[in-house]
Every structure is written in C-alpha cells, then in structure tokens.
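Structure, as structure tokens:
Taken together, the values in this text are just the output of simple stated rules run on the coordinates, not laboratory data. None of the values given here were measured: they were computed from a predicted structure. Backbone-built Cβ (ideal geometry, glycine too); neighbour counts: all protein chains shown.
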Amino acid sequence: MVLGPSNIAGKIETSFLIVVSACVVLLVAVTVTMLVFLYRYNRKRHPVPGETRENIPLEIIWTVIPTILVIFMFYFGWVDFDYIRNPPKDAMNVDVISRQWSWTFRYKNGKQSDTLRVPVGQPVKLTLTSEDVLHCLFIPAYRVKEDCVPGLKTHLWFTANEAGTYNIFCTEYCGLEHSHMISKLITMSAAEFSAWYQSKPEAKAGQKGLDLLQSKGCLGCHTTDGTPKVGPTFKGLYERKVTVSTQGKERTIVADEEYLKRAVLDPGSDVVKGFPNIMPKMPVSEDELKEIVNYIETLK
Amino acid sequence: MENNAADYENSFYQEKGRYNGVLSWLMSTDHKRIGIQYLAAILTFFSIGVMLGLLVRLSLIAPGKILSQNTYNQVFSVHGILMIFLFIIPGVPVAFGNFFLPIMIGARDVAFPRLNRLTWWLYLAGAALVALSLFTSGGPPDTGWTFYAPYSIRAQANITLAVTGVFVLGFSSILTGLNFVTTIHRLRAPGMTWFKLPLFVWTLYATGWVQMLATPVLAITLVFIILGRVFGVGFFDPSRGGDPILYEHLFWTYSHPAVYIMVLPAMGIISEVIPVFARKKIFGYKAVAYSALGIASVGYFVWGHHMFTSGMSDTARIIFSFITFLVAVPSGIKIFNWVATLYKGSIMPNAPLYFALSFIFLFSIGGLTGLIIGSLAPNLHLHGTYFIVAHFHYVMFGGAGFAILTALHYWFPKMFGKMYPEKPAKVGWFILFIGFNLLYFSMFILGYRGMPRRYFDYPPEYFNLHLISTIGSWILAIGLLVILVNLLRALFRGTQAPSDPWGGKTLEWKIASPPPAENFHEIPEIK
C-alpha cells in the first residue's frame, strides 16, 4: 500500500503499480521471445524452415491465461473504486463552479474563493458543475479528476494527509485559455483553516471589490496590473476613452460607471475593440456591482 | 519473369480506358487505379498532418514564441482531424484493400466498381470541404478532433463546414465497407473457401462490417452538431433540455469501433508479412481469423472507457472497464500467434519484416498501456493527460502507421513494378524507430506526472520532458523523410521488380508486377 498526499492518491497509486508491473512482464516476455526467435531462426543459422503443426491446446492456453490475467487486472483497478467514488457522510462539501476560464470554490457558510483551501484530515467532497462548456477538475498530486458538466452535478472526494500547495488543472479542453485555467489547492491545519474560514474580508477601500473579482473568476481574463489577457485590463480603465463595437458599429465612449455596469450585466452590448465577444453574463447583485466599480475606480 | 509477362495484356498503368490524362484516373473504375489514387491522397494528408504535428511540438518548447494561443489550438485540432478522418480511418482499406482485396481472392474487380469510384469522389469532396473550412471566414476548427459539445456548438470557428466534410467522408467509408463485404461474399474464385482466405482479407471483412454498422452513428451525431449550430436545436445543450454527455456517448459509439477500423486491417498486413519472411505458414490461422471477428464484435461495447471521468454513472464505468479488459484478449492471441510463426522459421530480415516486427513491439506497448488506462482507479489519474496522447499514438502510429509503412515496403514492387534499395529503407526505419520512442515515450512520463493534454502552456516542471519529446519529433521526421525519398526515388529509378520478389504464396504474387488491368487472364482455381 502506497501512502500519498491524500487518502485517494495512495490507493490509486497502488492499483497503478500493480497493473503496470503486469504489463511490463507481458511486454518483456513477448519482446524477448521475438528477439530470440529472430536471432536463433535467422536464415544464416537456420536455412531450412522446420515443421510446426497447428496446436489447439496451445491456442487454448494463451487464450485462457490472458483472460484470467486481465480479469485480475480489472479487479485491481476496481477493488478500491467504490471507496474512491463514495464520500463518507461527514465530508465537508465545497461547491465548485467552473467557467471559461476560472474556478470558484463556494463553502457552506457562503465564503467564496478562487483557490481551494481545505483542512488536513477532514474528508472533503467537491460538488462540481459548469456555467458554460465542459471542464474537468484535476489535482495531479491527488490522482483524481472529474468533469464539470453544465446542467449536471458531479463529484469527487478526498482527505488531505499533509499540508501543502498543489496544482489544480482543467483537463477537458474548453477553448482559448484552457491551459491557463489553473488554480491551487492549499491544505492546512484545522486551526489555520478555521481561522481563514471564519475571517471576514478586511474593510480596506476596494478590498471587497477585489475579492468579488477574484471569487467570480473575472481575473481569469482581466488583470489589475495593466497587461491585457483575454479581456482588457482593469488598470487605468476608469473614465478612459475606449473604442467599442455596438451591434457591429464602432464608436468611442468613456468607460464611466454606467458603462462598466453595463459591461458586467450585458457583456455583449459594447465589445471593446481588439477583444473577442466571449464574456459570459455574470449574476451579480446591485451591491456587488457597486463594489466592483468602486474597486476599478481605485485602479485609475 | 520476362517471358511470363508477355502472356499478359498491358499493365493497368497502360490500360487507360475511355479517358486520357487526369480523367483516366478520376473516371477509372479499376480497383487498382482507385487504390493508387487513394494511396497518394492519404500519404499527402499524412505528410501535412506530420508537419502540423511538428509545429505543435515546436510550439510546446517555447509557448507563445512560435504560435499564438489561438493558432496552437487550431493547429492541434486540424492535425487530429486530418490524421484521423483523412489518413488513418480510410488508410489501409482504401489504399491497400482496394488494390489487393480482389486480387487476393482471385477476382477481376470489386463487386461494385462504380460504387467504388463514388467512394473516391466522396472522399475528395469531404477533403475539399474540410480544406475549405480552414480558409474561409471563421477560421479553422479549434475544438480538437472530437468536436465535444457544448464547446463545438458555441465556438466561433468554421465548425459547421468541417463537420459537414467529415459527414461526407463517413459515407465514403460506409460504401467502401459495403463493397468489400459484398465482394468477399460473392467474388471469391472457385475453391477459395472461407478458411483459405488470406488473413488480410479476413480483417478487411471484419472491418467492412464495423464501417457499415458504426459510421451511421457518427453521421447522425454530426448532423446534431450542425442542427445545434445552425438552427439552435439543443440536443447537447442543458439549457434547452439537452445533455452534453449524450454527445460523448454518440461520438464514442462510433469513434471507439473506428479504432478497430484503423487497426484491424493493419493487423491483417502483419499477418501476411510475417509468414512470408519467416518462410512458414501463419501459426494458428483460424485463431487469428476468429480473433479479428472477436475484436470487431466486442469492440462495439467498450466506448464508455473514454468517459470514466465524464460524470457517467459508476456502474456503467465498472461494466465498460470489464468489457475493455476482455477486448484485449483477441489482440493478445494475434500477437502470440505472430511470434509463434517465427518459431523454427528461416527468417529473411528484409525491410518489410523490420517494420512488421516493430509494429508488434509498439502495438504491444499501445495495447498494454490501454489496460492501464482501462483500469478504473488509474484512469482517474491518467485520463485527459499526455498518457492518453502517448497511448493512442503508440496504437495509431506505432500500430496502424507502422503497418502502412510495412505494406508500402511489402507491396511496393507489386504496385509499382519497381524494387527499392533495402539499405536506405532500413536506415530510415532505424531513425524513425528511435525518434518515435523518444517522442512518444516521454509523453507517458509527462502524463503520469500530471501534464494535461491540449495545453498551449504549462508549468515549468514539465519543460525537460517536453524538450526530449520535441527532439524526438525531429528525429522521427528525418526517418520518415529517408523512407519516403527512398521509395520516391525507386518509383523513377528502381530496377524492374519480378512478379514474386519475396516468395509470397498469396495470389497477388502469381501475376505480373505491376498487375495487368484484368488481374487474371483466367480466374484461378484454388486447390
């Protein structure tokens, strides 16, 4: 039994190693036999081909033995599958919302984050869904993944064995920024986690707006430091003149409060020149919208 | 052989029919002319596909420096679409099947020669539509060759046109399957009983059934995509009562059996070549023939192993995993019988045998890693990573691709009437084999370490293996170039090939090289 950074990782690694070993033995057996025959029965050493007859018992043997072997391999892939797929009743649930191209992790008390934080030793169940196309949440270190399907709730679960920071990848191709749809899993002691979990966002000017941009995944496509990504950057955007396309016609407008609100609620109405019209509509409340605009104003 | 050749009419290259020039090819119903045209077409698309593949590999060692993110996504998608739908699915049956199936069963042509010509036109039309989708508004598809919904419904690229092209190609494939199955049933020479059929014919027979039964599912799936894009019908859109997982089921219901369309006839080639160069009859003829039918029939029921992390029910995952393990057994039987054929043989190590034996090695790696990802628990880790990319390139390229190279070297003298020099062929094989394993074996390790597929960019810890893989791709390309140049040179400067250069026992070696237009002066009687 291999131990890993999570309970699931060790189990999957064990079954992987068993199946791989069986495959290596088979490959070596076939290849070595082939090479020995190739050498031994080369025309130079064996000019006249010998007589071999059809051999029914042999055919039966190399049908039956591989069948038994593959059923064993199936068994080792399956033996822990029930455990891997079925979270215990006391697992802490985290909702995972995926979209092109960011992740939101939503906890039971309403706390939201774009990184996944969990306590060590506590079973965690992720309930996954998507707002647009297929995505797939993959934690390589934990050896688990599951697709995020729009209109469906899928799940996976794990218990972290140790504190650390791990990659979270999207492994279902989802368009332009697929390879940048990366987040982190941060595992920490129960005490640290509960401190983070209970904390209220600080009341620094605009901090709430930044938190919102983060938790809603806006920063997957928009930066706050001036570099353009899939969408325009927020830095210096407030009250700047921008060229947009409105229903196919170009015009220049000022990015004021009214425009910014419209750009969040109905992103297709005015599309900034040079950027694709792909931003999804975001469900945001009036208050949240205000915080976001206030924050963008501070980036002037 | 000179005096023998005089007994025959002109070779099929001289027999032009009613038309001249290009039309003497395009309008021909001669299975050999159609086969040669298909061969030229699939090798052209293969070459373009290789170049796109090299471009993908190049971009991966310097993300953003060579290709933009969007271009990268288009290039890997078009690489997949060309290689799968225009090269490897039509592949062996349309080129070598067309040329050799009638000859091997002692017939003058296929059962429906005009239908055969129609498949070639459909293939050209499908290819033209796919090509058109690359250069018209919207731009090349960026969905990957799998066209997964709902992304393929929403994406702004030229997906409707590309999908229509693939739809037309599907019809070409169905009609080829129908034609071959009918030919094998109806046109076998007197005395050519089922268990005297060459094994290549057996695999074409099994493949023909898969083409007929599985391809219509692809056709309807693609129509659903078109309806979704053009008319907004929501078969795969949850907000309109559809289901994205339905798309995956439909797509893989075809595309898994399609793997056997690619690999079964490839196995048929290996079953022809190994006995000839070992100077032996194939060991376990009936087992090899039945295993082809076994693969073709069980192969319909394993598509779900592409969906172990899709959100499909756990029970379905367990059942599909179990059947997946069973379908490995007949492939194993073939491998054991090929190796046993070498036993007590008198082996002539000619170029075709090099390719055939490396097929066994590479295909074994492809097949055995298939067991690893067919296992439920390991699949959760390896699915959607480079491990999958490595696995299917070992099966598709190491398997079907190497079989096509085997067939090219084995049947080249027959098809073109010319011999090629052996040495450059073996040198090319060696370079290719080294490059291939560097290129794709590194991907197994990348995948095991968690590198997701279809990534334009990646964290720095994966760089070294990506670099090795890309260097492998250059070596592989040199190998392919040596092989190709050698054959092309032989086409013009090769020495005249005798009718049976390898000592083959099947019927194609009993007629002149290249064959006369009518194949046989008199239909042979098999004793």
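Add -39500 (n - 2.57) for each DSSP H run of 4 or more in chain B, then divide by its residues: what number comes out at 222 nm, to the nearest 500 deg cm²/dmol?
-22000 deg cm²/dmol
Figure the gain on full extension for residue B:326 and residue B:422 (residue separation times 0.36 nm, minus the Cα-Cα span) and round it to one decimal in nm.
Details: separation 96, 0.36 × 96 = 34.56 nm, distance 3.97 nm.
Taking 0.36 nm per residue and subtracting the Cα distance, the gain is 30.6 nm.
With a ≥ b ≥ c taken as the square roots of the eigenvalues of the C-alpha gyration tensor of region A:7-85, please select rounded if a/c is under 1.5 and otherwise prolate if a/b is larger than b/c or oblate if it is not? List each step's numbers first, then the result.
Working: a/c = 8.72, a/b = 2.34, b/c = 3.72.
Since a/c reaches 1.5 but b/c is at least a/b, the shape of region A:7-85 is classed as oblate.
Could you check what % of the DSSP bridge pairs in chain A are antiparallel, to the nearest 5?
Values: 35 of 47 bridges.
Antiparallel bridges make up about 75 percent of those DSSP assigns within chain A.
Identify, among A:298, B:491, A:60, the residue whose Cα sits farthest towards the positive end of the charge dipole of the protein assembly as shown, taking +1 on the Cβ of Lys and Arg and -1 on the Cβ of Asp and Glu, with the dipole about the Cα centre.
The Cα lying farthest towards the positive end belongs to B:491.
Say the dipole of region B:180-283 comes from +1 at the beta carbon of Lys and Arg and -1 at that of Asp and Glu; which of B:244, B:269, B:211 then lies farthest toward its positive end?
Highest projection toward the positive end goes to B:269.
If one takes the longest principal axis of the Cα atoms in chain B, at what angle in degrees, from 0 to 90 and to the nearest 10, does the Cα axis of helix B:314-342 lie?
So the helix axis and the longest Cα principal axis differ by about 30 degrees.
Compute the distance from the alpha-carbon center of region B:188-206 to that of region A:101-178, in whole Å.
Distance between centres, Cα-based: 54 Å.
For region A:188-300, give the magnitude of the charge dipole about the Cα centre (Cβ charges: +1 Lys/Arg, -1 Asp/Glu; no others), in debye to the nearest 20. Intermediate results must be reported in sequence, preceding the final value.
Details: 16 positive and 16 negative charges, 79 e Å.
It works out to roughly 380 debye.
Could you tell me which of A:186, A:124, A:167 has its Cα farthest along the dipole of region A:92-198 towards the positive end, charges placed at Cβ (Lys, Arg +1; Asp, Glu -1), taken about the Cα centre?
A:124
Please report, in debye to the nearest 20, how large the charge dipole of region B:2-510 is about its Cα centre when each Lys and Arg carries +1 at its beta carbon and each Asp and Glu carries -1 there.
Roughly 880 debye for region B:2-510.
For residue A:237, enumerate residues with amide H under 5 Å from its amide H, sequence gap 5+ or separate chain, H modeled in the peptide plane.
Residues meeting the amide H criterion: none.
Straight distance only, please: which aspartates and glutamates reach the Cα of residue A:273 with their own Cα at less than 15 Å, same-chain residues fewer than 8 apart left out?
Within the straight-line cut-off, residue A:273 pairs with A:250.
Which value in nm describes the separation of the simple spin-label points at residue A:33 and residue A:207, placed 7 Å from the Cα toward the beta carbon?
About 7.0 nm separates the two model spin labels.
Between residue B:51 and residue A:200, what FRET efficiency follows from the Cβ-Cβ distance if R0 is 45 Å, with the result rounded to 0.05? Mind showing how you got there, number by number?
Numbers: r = 57 Å, r/R0 = 1.27.
Calculated transfer efficiency: 0.20.
Calculate, in nm to one decimal, what residue A:298 and residue A:285 gain on full extension: separation in residues at 0.36 nm each, minus their alpha carbon distance. Before the final figure, lay out the partial values.
On the way: separation 13, 0.36 × 13 = 4.68 nm, distance 2.03 nm.
Fully extending the segment from residue A:298 to residue A:285 adds 2.6 nm.
Under a GNM of chain A (C-alpha, springs under 10 Å), which listed residue has the highest mean-square fluctuation: A:278, A:182, A:168?
A:278
Between 0 and 90 degrees, rounded to the nearest ten: what's the tilt of helix B:285-298 against the longest Cα principal axis of chain B?
With rounding to tens, the tilt is 30 degrees.
State, as an integer percentage, the relative contact order of chain A based on alpha-carbon contacts under 8 Å between residues 6 or more apart.
Details: 492 pairs, mean separation 42.7, N = 300.
Reported relative contact order: 14 percent.
Give me the percent of DSSP beta bridges within the protein assembly as shown that run antiparallel, rounded to the nearest 5.
Working: 39 of 52 bridges.
Expressed as a percentage, antiparallel bridges in the protein assembly as shown total about 75.
When the helices in chain A are scored as -39500 (n - 2.57) per DSSP H run of 4 or longer and the sum is shared across all residues, what 222 nm value do you end up with, to the nearest 500 deg cm²/dmol?
Numbers: 7 runs with 102 residues, N = 300.
The per-residue figure over chain A is -11000 deg cm²/dmol.
So what is the relative contact order for chain B, in percent, with contacts set as C-alpha pairs under 8 Å and at least six apart? Could the numbers behind the result be given before it?
Numbers: 870 pairs, mean separation 91.4, N = 527.
Computed over chain B, the figure is 17 percent.
What fraction, in whole percent, of alpha-carbon pairs in region A:40-162 exceed 21 Å separation?
Details: 4376 of 7503 pairs.
Tail of the P(r) past 21 Å holds 58 percent of the pairs.
Would you mind finding the longest exposed-site-free stretch of chain B, with exposed GluC sites (Glu not before Pro) meaning DSSP loop and at most 11 other Cβ atoms within 10 Å? Kindly include the intermediate steps, with their values, before the conclusion.
Working: sites that count: B:522, B:525.
So the longest stretch without any such site is B:1-521.
So what's the angle, to the nearest 10 degrees on a 0 to 90 scale, between helix B:69-81 and the longest Cα principal axis of chain B?
30
Could you please report the charge total around residue A:148, scoring K, R as +1 and D, E as -1 over all other residues with beta-carbon less than 12 angstrom from its beta-carbon? Don't jump to the answer; show the numbers that get you there.
Details: positive: A:99, A:145, A:153; negative: A:95, A:131, A:132, A:146, A:147, A:172.
Net local charge, residue A:148 excluded: -3.
Given a cut-off of under 8 Å on Cα pairs at least six residues apart, what relative contact order in percent is computed for region B:412-527? Intermediate values should be presented prior to the final figure.
Values: 138 pairs, mean separation 50.2, N = 116.
Worked out over region B:412-527, it gives 43 percent.
With r defined as the distance between the Cβ atoms of residue B:136 and residue B:474 and R0 fixed at 35 Å, what FRET efficiency is calculated, to the nearest 0.05?
On the way: r = 33 Å, r/R0 = 0.94.
For R0 = 35 Å, the calculated efficiency reads 0.60.
In region B:480-510, whose amide N lies under 20 Å from the spot 7 Å out along Cα-to-Cβ of residue B:24? List them in ranges.
Of the residues in region B:480-510, B:491-493 have backbone N under 20 Å from the label point off residue B:24.
If I require 18 Å or longer along the helix axis, counting alpha carbons, and a Kyte-Doolittle average no lower than 0.5, what helices from chain A are left? Use full DSSP H segments. Please report the intermediate quantities before stating the final value.
On the way: long enough: A:7-40 (50 Å, 1.79); A:56-78 (33 Å, 1.81); A:286-298 (19 Å, -0.76).
Helices meeting the criterion: A:7-40, A:56-78.
Run the reach check for residue A:200 against aspartates and glutamates, Cα to Cα strictly under 20 Å, same-chain hits fewer than 8 apart removed. What comes back?
A:95, A:114, A:192, A:211, A:287, A:288, A:291
Set the Förster radius R0 to 22 Å, insert the Cβ-Cβ distance between residue B:194 and residue A:61 as r into 1/(1 + (r/R0)^6), and round the FRET efficiency to 0.05.
Working: r = 26 Å, r/R0 = 1.17.
The formula returns an efficiency of 0.30 here.
At a 10 Å Cβ-Cβ cut-off, how would you order A:129, A:171, fewest neighbours first? Walk me through the intermediate numbers first.
Details: A:129 19, A:171 26.
The order, fewest Cβ neighbours first, is A:129, A:171.
What lysines sit close enough to residue B:510 to cross-link, taking a C-alpha to C-alpha distance under 19 Å and skipping anything fewer than 8 places away on the same chain?
Counting by Cα, and skipping residues close in sequence, residue B:510 has these lysines nearby: B:32, B:196, B:280, B:281, B:414, B:418, B:527.
Please arrange A:92, B:415, B:27 by counting, for each residue, the other beta carbons lying within 10 Å of its beta carbon, fewest first. Please report the intermediate quantities before stating the final value.
Details: A:92 17, B:415 25, B:27 14.
The order, fewest Cβ neighbours first, is B:27, A:92, B:415.
What's the local net charge at residue B:412, with K and R +1, D and E -1, over the other residues with C-beta under 13 Å away? Could you put the intermediate results ahead of the total?
Details: positive: B:414, B:418, B:489; negative: B:422, B:508.
Here the charged neighbours net out to +1.
Taking a spot 7 Å from the Cα of residue B:182 along the direction of its beta carbon, which residues of region B:99-118 have an amide N less than 16 Å from it?
B:102, B:108-118
Modelling each spin label as a point 7 Å along the Cα-to-Cβ direction, I'd like the residue B:43/residue B:286 distance in nm, to one decimal.
Label at residue B:43, label at residue B:286, 4.0 nm between them.
Distance check, please: which entries in A:125/A:300; A:216/B:65; A:184/A:281 exceed 29 angstrom between their Cα atoms? List each step's numbers first, then the result.
Working: A:125/A:300 41 Å; A:216/B:65 31 Å; A:184/A:281 25 Å.
Correct reply: A:125/A:300; A:216/B:65.
Each label point is 7 Å from the Cα along the Cα-to-Cβ direction; what then is the distance between the points at residue B:213 and residue B:313, in nm?
2.4
Once you order the gyration tensor axes a ≥ b ≥ c over the Cα atoms, which shape class does region B:78-124 get: rounded for a/c under 1.5, otherwise prolate or oblate by comparing a/b with b/c? Please list the in-between numbers first.
Details: a/c = 5.07, a/b = 1.86, b/c = 2.73.
Judged from the Cα gyration tensor, region B:78-124 comes out oblate (a/c at least 1.5, b/c at or above a/b).
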